Amino acid sequence: MRFSTRILLLQLAAVLLAVALAAGAHLWLAYERLWTEAEQNALTLARAAAADPALRREVAAVAAEGGTPPPAELAAGPVMAAAEAIRQRSGALFVVVTDEQGLRLAHPDPARLGERVSTAPDVALAGHEETVRNTGTLGPSVGAKVPIFAPIGARQAPGTVVGEVSTGFARSSVGDSLGADALAVAGTAALALAVGTLASLALRRRLSQLTLGLEPEDIGTLVQDQEAVLRGIDEGVIGISRTRRVTVVNAAARRLLGDTPDFTGSDWAAAHVPDVLKSLTTASAADEPARELVVGERVLVATARRVIHGLRSLGWVVMLRDRTELQSLTRQLDAVGALSEALRAQRHEFSNQLHAVAGLLDIGEASQARAYLGQLASSGPLDYPLEQAELLGDPGLQAFLGAKGIEAAERGVVLRLGDSTLVRRPVSAPQDVTTVLGNLVDNAVRAAVAGSQDGNGERWVEVELLDDGPTLHLVVSDSGDGIGPVPPPRLFEPGYTTTPSAPYEADLEPPAGHGLGLPLARQLARRRGGEVWVISPGRPGGPGAVFGARVVGRTEP
(Lines give C-alpha, C1' and ligand atoms only; values in the text may rest on other atoms or scores of the structure.)
Protein backbone atom coordinates (compact mmCIF):
# COMPACT_ATOMS: atom_id res chain seq x y z
CA MET A 1 0.00 0.00 0.00
CA ARG A 2 1.32 3.44 -0.94
CA PHE A 3 2.37 5.73 1.86
CA SER A 4 -0.12 8.40 0.81
CA THR A 5 -2.92 5.79 0.92
CA ARG A 6 -1.85 4.70 4.39
CA ILE A 7 -1.80 8.31 5.52
CA LEU A 8 -5.30 8.83 4.05
CA LEU A 9 -6.70 5.78 5.84
CA LEU A 10 -5.03 6.82 9.09
CA GLN A 11 -6.51 10.31 8.78
CA LEU A 12 -9.96 8.90 8.03
CA ALA A 13 -9.71 6.59 11.04
CA ALA A 14 -8.62 9.48 13.24
CA VAL A 15 -11.48 11.65 11.96
CA LEU A 16 -13.99 8.82 12.48
CA LEU A 17 -12.72 8.15 16.00
CA ALA A 18 -12.81 11.85 16.88
CA VAL A 19 -16.35 12.23 15.51
CA ALA A 20 -17.53 9.08 17.31
CA LEU A 21 -16.01 10.22 20.62
CA ALA A 22 -17.47 13.70 20.25
CA ALA A 23 -20.90 12.33 19.32
CA GLY A 24 -20.84 9.81 22.20
CA ALA A 25 -19.78 12.48 24.69
CA HIS A 26 -22.50 14.83 23.44
CA LEU A 27 -25.18 12.13 23.67
CA TRP A 28 -24.06 11.16 27.14
CA LEU A 29 -24.18 14.75 28.32
CA ALA A 30 -27.58 15.20 26.68
CA TYR A 31 -28.78 11.98 28.37
CA GLU A 32 -27.62 13.15 31.77
CA ARG A 33 -29.12 16.58 31.19
CA LEU A 34 -32.51 15.11 30.27
CA TRP A 35 -32.51 12.87 33.35
CA THR A 36 -31.56 15.79 35.57
CA GLU A 37 -34.32 17.91 34.04
CA ALA A 38 -36.81 15.06 34.56
CA GLU A 39 -35.73 14.74 38.20
CA GLN A 40 -36.10 18.50 38.71
CA ASN A 41 -39.51 18.45 37.04
CA ALA A 42 -40.60 15.56 39.25
CA LEU A 43 -39.26 17.31 42.35
CA THR A 44 -41.00 20.56 41.43
CA LEU A 45 -44.26 18.70 40.82
CA ALA A 46 -43.95 16.83 44.11
CA ARG A 47 -43.25 20.03 46.03
CA ALA A 48 -46.28 21.69 44.47
CA ALA A 49 -48.50 18.74 45.37
CA ALA A 50 -47.13 18.52 48.93
CA ALA A 51 -47.73 22.24 49.41
CA ASP A 52 -51.42 22.06 48.33
CA PRO A 53 -53.41 23.09 51.49
CA ALA A 54 -56.41 20.89 50.65
CA LEU A 55 -54.23 17.86 50.07
CA ARG A 56 -52.32 18.50 53.28
CA ARG A 57 -55.59 18.70 55.31
CA GLU A 58 -56.97 15.49 53.80
CA VAL A 59 -53.74 13.55 54.36
CA ALA A 60 -53.45 14.87 57.93
CA ALA A 61 -57.05 13.83 58.56
CA VAL A 62 -56.43 10.31 57.28
CA ALA A 63 -53.22 10.05 59.33
CA ALA A 64 -55.08 11.14 62.46
CA GLU A 65 -57.51 8.20 62.15
CA GLY A 66 -56.64 4.89 63.65
CA GLY A 67 -56.22 3.09 60.32
CA THR A 68 -56.26 3.39 56.57
CA PRO A 69 -59.66 3.64 54.81
CA PRO A 70 -60.58 0.78 52.46
CA PRO A 71 -59.45 1.02 48.78
CA ALA A 72 -62.93 1.72 47.49
CA GLU A 73 -63.27 4.69 49.82
CA LEU A 74 -59.78 5.91 48.93
CA ALA A 75 -60.50 5.65 45.20
CA ALA A 76 -63.50 7.92 45.60
CA GLY A 77 -61.86 10.17 48.17
CA PRO A 78 -60.54 13.70 47.75
CA VAL A 79 -56.86 12.64 47.99
CA MET A 80 -57.22 10.39 44.94
CA ALA A 81 -59.08 13.09 43.04
CA ALA A 82 -56.44 15.75 43.79
CA ALA A 83 -53.55 13.45 42.87
CA GLU A 84 -55.14 12.38 39.57
CA ALA A 85 -55.89 15.98 38.69
CA ILE A 86 -52.23 16.90 39.24
CA ARG A 87 -51.02 13.88 37.19
CA GLN A 88 -53.27 14.65 34.26
CA ARG A 89 -52.30 18.33 34.19
CA SER A 90 -48.54 17.61 34.34
CA GLY A 91 -48.42 14.53 32.13
CA ALA A 92 -46.52 12.63 34.82
CA LEU A 93 -46.42 8.84 34.87
CA PHE A 94 -47.73 8.77 38.41
CA VAL A 95 -48.58 10.94 41.41
CA VAL A 96 -48.70 8.76 44.52
CA VAL A 97 -49.69 10.00 47.97
CA THR A 98 -49.05 7.95 51.13
CA ASP A 99 -49.75 8.36 54.83
CA GLU A 100 -47.11 8.47 57.53
CA GLN A 101 -46.70 4.69 57.28
CA GLY A 102 -46.10 4.60 53.56
CA LEU A 103 -49.53 3.21 52.63
CA ARG A 104 -50.91 4.48 49.35
CA LEU A 105 -53.73 7.00 49.59
CA ALA A 106 -53.63 7.84 45.85
CA HIS A 107 -52.26 5.82 42.89
CA PRO A 108 -53.01 5.72 39.15
CA ASP A 109 -53.96 2.05 39.58
CA PRO A 110 -56.87 1.92 42.10
CA ALA A 111 -56.04 -1.72 42.82
CA ARG A 112 -52.83 -0.58 44.50
CA LEU A 113 -54.55 1.71 47.02
CA GLY A 114 -54.01 0.87 50.66
CA GLU A 115 -50.81 -1.02 49.89
CA ARG A 116 -47.31 -0.01 50.92
CA VAL A 117 -45.32 1.69 48.22
CA SER A 118 -42.80 -0.44 46.27
CA THR A 119 -39.90 1.93 46.94
CA ALA A 120 -38.87 2.84 50.47
CA PRO A 121 -40.42 6.18 51.63
CA ASP A 122 -38.16 6.45 54.66
CA VAL A 123 -36.24 9.56 53.51
CA ALA A 124 -39.40 11.52 52.73
CA LEU A 125 -41.17 10.34 55.91
CA ALA A 126 -38.13 11.51 57.83
CA GLY A 127 -38.78 15.02 56.52
CA HIS A 128 -36.31 15.15 53.60
CA GLU A 129 -36.68 15.37 49.85
CA GLU A 130 -35.07 12.98 47.37
CA THR A 131 -34.96 12.15 43.69
CA VAL A 132 -34.84 8.57 42.49
CA ARG A 133 -34.38 6.54 39.34
CA ASN A 134 -35.98 3.13 39.72
CA THR A 135 -38.44 0.63 38.40
CA GLY A 136 -41.78 0.57 40.20
CA THR A 137 -45.16 -1.00 39.61
CA LEU A 138 -45.67 1.25 36.55
CA GLY A 139 -42.26 0.51 34.99
CA PRO A 140 -38.91 2.35 34.82
CA SER A 141 -39.18 5.97 35.85
CA VAL A 142 -37.44 8.98 37.29
CA GLY A 143 -39.14 10.63 40.23
CA ALA A 144 -39.04 12.54 43.47
CA LYS A 145 -40.35 12.06 47.00
CA VAL A 146 -41.37 15.06 49.13
CA PRO A 147 -42.78 14.94 52.72
CA ILE A 148 -46.25 16.29 53.53
CA PHE A 149 -46.33 18.32 56.72
CA ALA A 150 -49.41 18.77 58.89
CA PRO A 151 -51.09 22.15 58.30
CA ILE A 152 -52.04 24.57 61.01
CA GLY A 153 -55.32 23.51 62.58
CA ALA A 154 -54.71 19.79 62.16
CA ARG A 155 -54.72 17.45 65.07
CA GLN A 156 -51.00 16.87 64.62
CA ALA A 157 -48.50 19.44 65.69
CA PRO A 158 -47.48 21.88 62.95
CA GLY A 159 -44.45 20.54 61.00
CA THR A 160 -45.29 16.91 61.69
CA VAL A 161 -44.79 14.60 58.73
CA VAL A 162 -48.18 13.09 57.97
CA GLY A 163 -47.30 11.53 54.60
CA GLU A 164 -45.37 11.93 51.42
CA VAL A 165 -45.91 12.69 47.74
CA SER A 166 -44.10 10.59 45.13
CA THR A 167 -44.13 11.80 41.52
CA GLY A 168 -42.44 10.34 38.48
CA PHE A 169 -42.05 10.49 34.73
CA ALA A 170 -41.62 7.46 32.48
CA ARG A 171 -38.11 6.71 31.23
CA SER A 172 -39.51 6.39 27.70
CA SER A 173 -40.38 10.08 27.69
CA VAL A 174 -36.75 10.89 28.48
CA GLY A 175 -35.70 8.56 25.64
CA ASP A 176 -38.04 10.31 23.23
CA SER A 177 -36.42 13.65 24.02
CA LEU A 178 -32.99 12.06 23.67
CA GLY A 179 -33.94 10.72 20.24
CA ALA A 180 -34.37 14.24 18.87
CA ASP A 181 -30.95 15.22 20.22
CA ALA A 182 -29.45 12.03 18.83
CA LEU A 183 -30.77 12.83 15.37
CA ALA A 184 -29.15 16.27 15.48
CA VAL A 185 -25.91 14.80 16.80
CA ALA A 186 -25.91 12.14 14.07
CA GLY A 187 -26.43 14.77 11.38
CA THR A 188 -23.61 16.92 12.78
CA ALA A 189 -21.33 13.89 13.07
CA ALA A 190 -22.03 12.88 9.47
CA LEU A 191 -21.29 16.40 8.27
CA ALA A 192 -18.06 16.52 10.30
CA LEU A 193 -17.05 13.12 8.94
CA ALA A 194 -17.71 14.28 5.37
CA VAL A 195 -15.69 17.48 5.89
CA GLY A 196 -12.88 15.51 7.49
CA THR A 197 -12.86 13.05 4.59
CA LEU A 198 -12.73 15.86 2.03
CA ALA A 199 -9.95 17.57 3.98
CA SER A 200 -8.01 14.30 4.12
CA LEU A 201 -8.40 13.80 0.37
CA ALA A 202 -7.27 17.39 -0.28
CA LEU A 203 -4.30 16.90 2.04
CA ARG A 204 -3.38 13.68 0.23
CA ARG A 205 -3.54 15.47 -3.11
CA ARG A 206 -1.42 18.34 -1.80
CA LEU A 207 1.11 15.92 -0.32
CA SER A 208 1.31 14.11 -3.65
CA GLN A 209 1.92 17.42 -5.43
CA LEU A 210 4.63 18.48 -2.98
CA THR A 211 6.44 15.14 -3.20
CA LEU A 212 5.90 14.81 -6.97
CA GLY A 213 4.17 11.49 -6.35
CA LEU A 214 7.23 10.03 -4.61
CA GLU A 215 7.07 7.80 -1.58
CA PRO A 216 9.07 8.60 1.59
CA GLU A 217 11.49 5.78 0.77
CA ASP A 218 12.07 7.31 -2.66
CA ILE A 219 12.57 10.75 -1.12
CA GLY A 220 15.08 9.35 1.37
CA THR A 221 17.00 7.67 -1.43
CA LEU A 222 16.98 10.89 -3.46
CA VAL A 223 18.33 12.87 -0.51
CA GLN A 224 21.16 10.38 -0.04
CA ASP A 225 21.98 10.46 -3.74
CA GLN A 226 21.82 14.26 -3.78
CA GLU A 227 24.22 14.58 -0.88
CA ALA A 228 26.59 12.08 -2.45
CA VAL A 229 26.50 13.82 -5.82
CA LEU A 230 26.66 17.40 -4.58
CA ARG A 231 29.55 16.68 -2.23
CA GLY A 232 31.41 14.41 -4.62
CA ILE A 233 31.65 16.59 -7.72
CA ASP A 234 33.96 19.50 -8.40
CA GLU A 235 31.36 21.48 -10.34
CA GLY A 236 29.32 24.09 -8.55
CA VAL A 237 25.59 23.49 -8.36
CA ILE A 238 22.95 26.09 -7.47
CA GLY A 239 19.28 25.12 -7.38
CA ILE A 240 16.54 27.75 -7.73
CA SER A 241 12.92 26.85 -7.01
CA ARG A 242 9.87 27.83 -9.01
CA THR A 243 9.31 30.69 -6.52
CA ARG A 244 12.84 32.04 -7.17
CA ARG A 245 14.25 30.84 -3.84
CA VAL A 246 17.69 29.27 -3.60
CA THR A 247 17.21 25.65 -2.52
CA VAL A 248 20.64 24.10 -3.07
CA VAL A 249 24.18 25.52 -2.97
CA ASN A 250 26.95 22.97 -2.74
CA ALA A 251 30.39 23.63 -1.31
CA ALA A 252 32.01 23.69 -4.75
CA ALA A 253 29.72 26.55 -5.86
CA ARG A 254 30.57 28.62 -2.77
CA ARG A 255 34.29 27.97 -3.37
CA LEU A 256 34.13 28.93 -7.05
CA LEU A 257 32.22 32.11 -6.20
CA GLY A 258 34.94 33.27 -3.84
CA ASP A 259 34.20 31.33 -0.64
CA THR A 260 30.86 33.06 -0.20
CA PRO A 261 28.72 32.12 2.83
CA ASP A 262 25.90 29.68 2.33
CA PHE A 263 22.93 31.56 0.84
CA THR A 264 20.55 28.60 0.71
CA GLY A 265 17.00 29.77 1.37
CA SER A 266 17.59 33.34 0.27
CA ASP A 267 15.84 35.09 -2.58
CA TRP A 268 17.67 34.50 -5.88
CA ALA A 269 17.27 38.13 -6.96
CA ALA A 270 19.02 39.30 -3.76
CA ALA A 271 21.74 36.61 -3.70
CA HIS A 272 25.35 37.83 -3.77
CA VAL A 273 26.28 36.25 -7.10
CA PRO A 274 27.34 37.81 -10.41
CA ASP A 275 24.46 39.28 -12.39
CA VAL A 276 25.32 37.09 -15.38
CA LEU A 277 24.16 34.05 -13.38
CA LYS A 278 20.82 35.69 -12.63
CA SER A 279 20.38 36.61 -16.28
CA LEU A 280 20.69 32.93 -17.20
CA THR A 281 17.55 32.05 -15.22
CA THR A 282 15.13 34.55 -16.71
CA ALA A 283 12.10 33.46 -18.73
CA SER A 284 13.69 34.75 -21.94
CA ALA A 285 16.95 32.87 -21.30
CA ALA A 286 15.55 29.35 -21.62
CA ASP A 287 17.89 28.45 -24.48
CA GLU A 288 20.92 30.53 -23.44
CA PRO A 289 24.26 28.85 -24.23
CA ALA A 290 27.07 28.55 -21.72
CA ARG A 291 28.44 31.87 -20.49
CA GLU A 292 31.97 32.60 -19.31
CA LEU A 293 32.62 34.95 -16.42
CA VAL A 294 35.50 36.02 -14.25
CA VAL A 295 35.15 35.72 -10.46
CA GLY A 296 38.22 36.76 -8.54
CA GLU A 297 41.13 34.88 -10.10
CA ARG A 298 38.95 32.23 -11.68
CA VAL A 299 37.46 31.91 -15.14
CA LEU A 300 34.13 30.11 -14.83
CA VAL A 301 31.73 28.63 -17.36
CA ALA A 302 28.09 28.86 -16.26
CA THR A 303 25.14 26.98 -17.71
CA ALA A 304 21.51 27.05 -16.60
CA ARG A 305 18.89 24.44 -17.31
CA ARG A 306 15.20 24.51 -16.54
CA VAL A 307 14.02 21.55 -14.41
CA ILE A 308 10.73 20.04 -15.60
CA HIS A 309 8.93 17.06 -14.06
CA GLY A 310 6.19 15.87 -16.34
CA LEU A 311 4.50 19.07 -17.47
CA ARG A 312 5.40 21.00 -14.33
CA SER A 313 8.29 23.44 -14.10
CA LEU A 314 10.24 23.04 -10.86
CA GLY A 315 12.79 25.83 -11.29
CA TRP A 316 16.39 26.07 -12.48
CA VAL A 317 19.76 24.42 -11.95
CA VAL A 318 22.89 26.54 -12.50
CA MET A 319 26.14 24.66 -13.09
CA LEU A 320 29.56 26.28 -12.59
CA ARG A 321 32.76 24.84 -14.02
CA ASP A 322 36.27 26.14 -13.37
CA ARG A 323 38.15 26.88 -16.60
CA THR A 324 41.04 28.74 -14.97
CA GLU A 325 43.51 25.91 -15.48
CA LEU A 326 42.17 25.32 -18.97
CA GLN A 327 42.68 28.99 -19.82
CA SER A 328 46.22 28.80 -18.43
CA LEU A 329 46.94 25.66 -20.43
CA THR A 330 45.47 27.28 -23.52
CA ARG A 331 47.81 30.26 -23.18
CA GLN A 332 50.75 27.95 -22.59
CA LEU A 333 49.79 25.97 -25.68
CA ASP A 334 49.57 29.23 -27.63
CA ALA A 335 53.12 30.06 -26.49
CA VAL A 336 54.30 26.55 -27.35
CA GLY A 337 52.62 26.86 -30.73
CA ALA A 338 54.36 30.16 -31.36
CA LEU A 339 57.71 28.68 -30.38
CA SER A 340 57.03 25.65 -32.60
CA GLU A 341 56.35 27.97 -35.49
CA ALA A 342 59.60 29.78 -34.68
CA LEU A 343 61.49 26.49 -34.64
CA ARG A 344 59.88 25.49 -37.92
CA ALA A 345 60.96 28.78 -39.43
CA GLN A 346 64.44 28.29 -37.99
CA ARG A 347 64.65 24.77 -39.44
CA HIS A 348 63.55 26.05 -42.83
CA GLU A 349 66.00 28.95 -42.73
CA PHE A 350 68.78 26.71 -41.46
CA SER A 351 68.11 24.27 -44.32
CA ASN A 352 68.41 27.12 -46.83
CA GLN A 353 71.65 28.26 -45.25
CA LEU A 354 73.11 24.73 -45.42
CA HIS A 355 72.18 24.56 -49.07
CA ALA A 356 74.02 27.89 -49.60
CA VAL A 357 77.14 26.56 -47.87
CA ALA A 358 76.98 23.33 -49.88
CA GLY A 359 76.66 25.30 -53.09
CA LEU A 360 79.71 27.45 -52.28
CA LEU A 361 81.75 24.33 -51.52
CA ASP A 362 80.60 22.65 -54.73
CA ILE A 363 81.88 25.52 -56.84
CA GLY A 364 85.14 25.64 -54.94
CA GLU A 365 84.51 28.87 -53.04
CA ALA A 366 85.76 27.58 -49.71
CA SER A 367 86.80 30.99 -48.48
CA GLN A 368 83.35 32.44 -49.11
CA ALA A 369 81.76 29.42 -47.41
CA ARG A 370 84.05 29.95 -44.41
CA ALA A 371 83.10 33.66 -44.22
CA TYR A 372 79.41 32.79 -44.54
CA LEU A 373 79.65 30.31 -41.67
CA GLY A 374 81.41 32.90 -39.53
CA GLN A 375 78.58 35.35 -40.17
CA LEU A 376 76.05 32.70 -39.15
CA ALA A 377 77.97 31.99 -35.95
CA SER A 378 77.84 35.65 -34.93
CA SER A 379 74.18 36.35 -35.78
CA GLY A 380 72.48 32.96 -35.32
CA PRO A 381 70.41 31.01 -37.79
CA LEU A 382 67.32 33.23 -37.44
CA ASP A 383 66.73 36.72 -36.13
CA TYR A 384 63.73 37.39 -33.89
CA PRO A 385 61.49 40.09 -35.38
CA LEU A 386 61.50 41.83 -31.95
CA GLU A 387 64.18 44.49 -31.93
CA GLN A 388 65.89 45.85 -28.81
CA ALA A 389 64.93 42.75 -26.80
CA GLU A 390 68.02 43.38 -24.68
CA LEU A 391 66.08 46.16 -22.91
CA LEU A 392 64.09 43.44 -21.15
CA GLY A 393 66.12 42.22 -18.18
CA ASP A 394 63.87 39.19 -17.75
CA PRO A 395 64.63 36.26 -20.10
CA GLY A 396 61.05 35.08 -19.75
CA LEU A 397 59.72 38.38 -21.02
CA GLN A 398 62.21 38.30 -23.91
CA ALA A 399 61.11 34.80 -24.93
CA PHE A 400 57.42 35.62 -24.46
CA LEU A 401 57.47 38.81 -26.51
CA GLY A 402 59.78 37.15 -29.05
CA ALA A 403 57.22 34.38 -29.58
CA LYS A 404 54.46 36.96 -29.78
CA GLY A 405 56.56 38.85 -32.33
CA ILE A 406 56.87 35.77 -34.53
CA GLU A 407 53.14 35.08 -34.23
CA ALA A 408 52.34 38.71 -35.08
CA ALA A 409 54.78 38.71 -38.01
CA GLU A 410 52.98 35.72 -39.54
CA ARG A 411 49.79 37.80 -39.50
CA GLY A 412 51.52 40.76 -41.11
CA VAL A 413 51.95 42.79 -37.93
CA VAL A 414 55.24 44.16 -36.60
CA LEU A 415 55.65 43.88 -32.82
CA ARG A 416 58.13 46.41 -31.50
CA LEU A 417 59.30 47.82 -28.18
CA GLY A 418 58.78 51.50 -27.41
CA ASP A 419 61.59 53.93 -26.70
CA SER A 420 60.74 54.11 -22.98
CA THR A 421 61.12 50.35 -22.46
CA LEU A 422 63.49 49.35 -19.63
CA VAL A 423 63.05 46.35 -17.32
CA ARG A 424 66.06 45.97 -15.04
CA ARG A 425 64.75 43.28 -12.66
CA PRO A 426 63.50 39.78 -13.29
CA VAL A 427 59.75 39.24 -13.01
CA SER A 428 58.89 37.22 -9.89
CA ALA A 429 55.50 35.91 -11.08
CA PRO A 430 55.76 35.66 -14.85
CA GLN A 431 52.43 33.89 -15.27
CA ASP A 432 50.40 36.84 -13.97
CA VAL A 433 52.50 39.36 -15.92
CA THR A 434 52.28 37.38 -19.16
CA THR A 435 48.53 36.99 -18.65
CA VAL A 436 48.02 40.74 -18.41
CA LEU A 437 50.55 41.53 -21.14
CA GLY A 438 49.44 38.66 -23.38
CA ASN A 439 45.80 39.77 -23.33
CA LEU A 440 46.72 43.33 -24.23
CA VAL A 441 49.10 42.24 -27.01
CA ASP A 442 46.63 39.70 -28.48
CA ASN A 443 43.87 42.32 -28.55
CA ALA A 444 46.24 44.83 -30.16
CA VAL A 445 47.35 42.34 -32.84
CA ARG A 446 43.73 41.55 -33.71
CA ALA A 447 42.94 45.27 -33.88
CA ALA A 448 45.98 45.91 -36.11
CA VAL A 449 45.02 43.08 -38.48
CA ALA A 450 41.43 44.30 -38.72
CA GLY A 451 42.40 47.99 -38.91
CA SER A 452 44.04 50.27 -41.39
CA GLN A 453 47.72 50.48 -42.33
CA ASP A 454 49.79 53.46 -41.28
CA GLY A 455 51.39 55.96 -43.63
CA ASN A 456 54.23 53.52 -44.40
CA GLY A 457 51.82 50.75 -45.30
CA GLU A 458 52.55 48.78 -42.11
CA ARG A 459 50.49 47.27 -39.34
CA TRP A 460 52.19 47.39 -35.97
CA VAL A 461 51.84 46.90 -32.24
CA GLU A 462 54.06 48.80 -29.85
CA VAL A 463 54.77 47.68 -26.28
CA GLU A 464 56.49 49.73 -23.60
CA LEU A 465 57.53 48.20 -20.29
CA LEU A 466 59.13 50.08 -17.40
CA ASP A 467 59.84 48.83 -13.89
CA ASP A 468 59.66 51.25 -11.00
CA GLY A 469 60.62 49.50 -7.79
CA PRO A 470 57.99 46.80 -7.17
CA THR A 471 55.73 48.19 -9.90
CA LEU A 472 55.79 47.21 -13.57
CA HIS A 473 54.21 49.69 -15.99
CA LEU A 474 52.85 48.47 -19.32
CA VAL A 475 51.62 50.45 -22.33
CA VAL A 476 50.29 48.71 -25.49
CA SER A 477 49.24 50.58 -28.62
CA ASP A 478 48.44 49.51 -32.17
CA SER A 479 47.84 50.84 -35.67
CA GLY A 480 44.19 49.78 -35.79
CA ASP A 481 41.05 51.86 -35.96
CA GLY A 482 40.47 52.23 -32.19
CA ILE A 483 37.56 50.98 -30.10
CA GLY A 484 35.03 53.20 -31.83
CA PRO A 485 31.99 54.51 -29.96
CA VAL A 486 32.18 51.81 -27.28
CA PRO A 487 32.51 53.34 -23.77
CA PRO A 488 35.86 52.22 -22.29
CA PRO A 489 34.25 50.70 -19.13
CA ARG A 490 32.18 48.42 -21.37
CA LEU A 491 35.35 46.68 -22.56
CA PHE A 492 35.99 45.35 -19.05
CA GLU A 493 32.58 43.74 -18.61
CA PRO A 494 32.83 39.93 -18.56
CA GLY A 495 31.57 38.42 -21.82
CA TYR A 496 31.69 41.64 -23.85
CA THR A 497 33.85 41.55 -26.96
CA THR A 498 34.37 43.69 -30.03
CA THR A 499 35.44 40.64 -32.04
CA PRO A 500 32.71 40.02 -34.62
CA SER A 501 31.39 36.64 -35.65
CA ALA A 502 32.10 35.48 -39.18
CA PRO A 503 29.96 36.55 -40.87
CA TYR A 504 29.11 39.23 -38.35
CA GLU A 505 25.69 38.93 -36.78
CA ALA A 506 24.85 40.89 -33.69
CA ASP A 507 22.63 38.13 -32.31
CA LEU A 508 25.33 35.46 -32.41
CA GLU A 509 27.47 34.60 -29.42
CA PRO A 510 31.12 35.67 -29.68
CA PRO A 511 33.69 32.94 -30.19
CA ALA A 512 34.52 30.94 -27.07
CA GLY A 513 37.03 32.66 -24.84
CA HIS A 514 36.48 36.17 -26.18
CA GLY A 515 35.22 38.75 -23.73
CA LEU A 516 37.28 37.44 -20.79
CA GLY A 517 40.82 38.69 -21.44
CA LEU A 518 40.46 42.28 -20.32
CA PRO A 519 38.29 41.50 -17.23
CA LEU A 520 40.74 38.80 -16.18
CA ALA A 521 43.75 41.07 -16.76
CA ARG A 522 42.15 43.86 -14.74
CA GLN A 523 41.28 41.55 -11.84
CA LEU A 524 44.79 40.10 -11.76
CA ALA A 525 46.26 43.61 -11.71
CA ARG A 526 43.84 44.89 -9.07
CA ARG A 527 44.54 41.97 -6.79
CA ARG A 528 47.69 43.72 -5.53
CA GLY A 529 46.69 47.31 -6.08
CA GLY A 530 47.39 47.58 -9.81
CA GLU A 531 45.06 48.55 -12.62
CA VAL A 532 44.31 48.16 -16.34
CA TRP A 533 42.69 51.04 -18.19
CA VAL A 534 42.20 52.70 -21.56
CA ILE A 535 44.63 55.56 -22.10
CA SER A 536 43.26 56.54 -25.50
CA PRO A 537 40.33 55.06 -27.48
CA GLY A 538 42.10 55.74 -30.80
CA ARG A 539 40.42 56.91 -33.96
CA PRO A 540 39.31 55.44 -37.31
CA GLY A 541 42.21 55.25 -39.74
CA GLY A 542 44.73 54.97 -36.92
CA PRO A 543 46.47 55.12 -34.67
CA GLY A 544 44.41 52.70 -32.61
CA ALA A 545 43.62 52.39 -28.93
CA VAL A 546 46.26 52.70 -26.24
CA PHE A 547 45.93 50.53 -23.12
CA GLY A 548 47.87 51.01 -19.91
CA ALA A 549 48.48 48.59 -17.05
CA ARG A 550 50.17 48.76 -13.68
CA VAL A 551 51.17 45.52 -11.99
CA VAL A 552 52.33 45.96 -8.40
CA GLY A 553 54.68 43.60 -6.58
CA ARG A 554 55.66 41.72 -9.70
CA THR A 555 59.38 42.46 -9.91
CA GLU A 556 62.16 41.38 -7.61
CA PRO A 557 65.79 42.47 -7.12
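The values are calculated or read from the model by the stated rules, or taken from the named source; none is laboratory data. What you see is a predicted model, and the numbers here were worked out from it, not measured in a lab. Because the Cβ atoms are built from the backbone with ideal geometry, glycine has one as well, and the counts that use them run over all protein chains shown.
Go through (1) without any contact (Cβ under 8 Å) to a residue 60 or more places away in the chain; (2) under 59 Å from the mean Cα position of the chain (by Cα) and name the single condition GLY67 misses.
Exception for GLY67: condition (2).
With the condition kept exactly as written, say whether any residue in the range 62-71 is assigned by TED's automatic domain parsing to the domain that holds GLY168 and within 17 Å of GLY168 (Cβ to Cβ).
no
Any residue at all in the range 34-54 that's in contact (Cβ under 8 Å) with a residue 24 or more places away in the chain and under 59 Å from the mean Cα position of the chain (by Cα)?
Yes, the conditions are met somewhere in the range 34-54.
When you go through THR471, THR421 one by one, which is the residue that is touching a strand residue (DSSP E or B) at 6+ places or on another chain (Cβ under 7 Å) and farther than 29 Å from GLY541 by Cα? Spell out how you get there, then give the answer.
Values: THR421 fails: farther than 29 Å from GLY541 by Cα.
After ruling out the rest, the residue left standing is THR471.
Looking at this structure, is VAL59 surrounded by 12 or more Cβ atoms within 10 Å (Cβ to Cβ), on the phi < 0 side of the Ramachandran plot, part of a helix (DSSP H, G or I) and more than 39 Å from the chain's Cα centre (by Cα)?
In short, yes.
Yes/no per residue for (1) surrounded by 13 or more Cβ atoms within 10 Å (Cβ to Cβ); (2) at pLDDT 75 or above; (3) basic (Lys, Arg):
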site	(1), (2), (3)
SER279	yes, yes, no
VAL301	yes, yes, no
ARG306	yes, yes, yes
ASP322	yes, yes, no
GLU325	no, no, no
LEU329	no, no, no
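Quick one: in the range 373-394, which of the residues that are part of a loop (DSSP other than H, G, I, E, B) and at pLDDT 70 or above is nearest to the chain's Cα centre (by Cα)? So that I can check it myself, show each step before the final result.
Filtering the range 373-394 down to residues part of a loop (DSSP other than H, G, I, E, B) leaves 380-388, 393-394.
Checking which are at pLDDT 70 or above leaves us with 386-388, 393-394.
Numbers: LEU386: 60, GLU387: 63, GLN388: 63, GLY393: 58, ASP394: 55 Å.
My answer is ASP394.
In the same structural domain as ILE152 (by TED's automatic domain parsing), surrounded by fewer than 18 Cβ atoms within 10 Å (Cβ to Cβ), closer than 21 Å to ARG133 by Cβ and without any contact (Cβ under 8 Å) to a residue 12 or more places away in the chain: which single residue out of LEU9, LEU29 fits that description?
LEU29
Per-residue answers, yes or no, for (1) at pLDDT 80 or above; (2) buried (at least 18 other Cβ atoms within 10 Å of the Cβ); (3) assigned to a loop (DSSP other than H, G, I, E, B):
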residue: VAL461; (1), (2), (3): yes, yes, no
residue: LEU472; (1), (2), (3): yes, yes, no
residue: VAL486; (1), (2), (3): yes, no, yes
residue: TYR496; (1), (2), (3): no, no, yes
residue: THR499; (1), (2), (3): no, no, yes
residue: VAL551; (1), (2), (3): yes, yes, no
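Filter the range 219-263 for residues that are assigned to a loop (DSSP other than H, G, I, E, B), modelled with pLDDT of 85 or more, within 26 Å of SER208 (Cα to Cα) and of a type outside the set (Val, Ile, Thr) and give the result.
Scanning the range 219-263 gives a single hit, ARG244.
Please enumerate the residues belonging to the range 100-129 that are crowded, with 17+ Cβ neighbours inside 10 Å, among the charged types (D, E, K, R) and without any contact (Cβ under 8 Å) to a residue 60 or more places away in the chain.
Within the range 100-129, ARG104, ARG112 qualify.
Of all residues in the range 132-162, how many are polar (S, T, N, Q) and either crowded, with 18+ Cβ neighbours inside 10 Å or outside the structural domain of ALA51 (by TED's automatic domain parsing) (or both)? Write out each step before concluding.
So the first thing to find is which residues in the range 132-162 are polar (S, T, N, Q), and the list is 134-135, 137, 141, 156, 160.
Restricting the remaining residues to those that are either crowded, with 18+ Cβ neighbours inside 10 Å or outside the structural domain of ALA51 (by TED's automatic domain parsing) (or both) gives 141.
Summing the residues that are polar (S, T, N, Q) and either crowded, with 18+ Cβ neighbours inside 10 Å or outside the structural domain of ALA51 (by TED's automatic domain parsing) (or both) in the range 132-162 gives 1.
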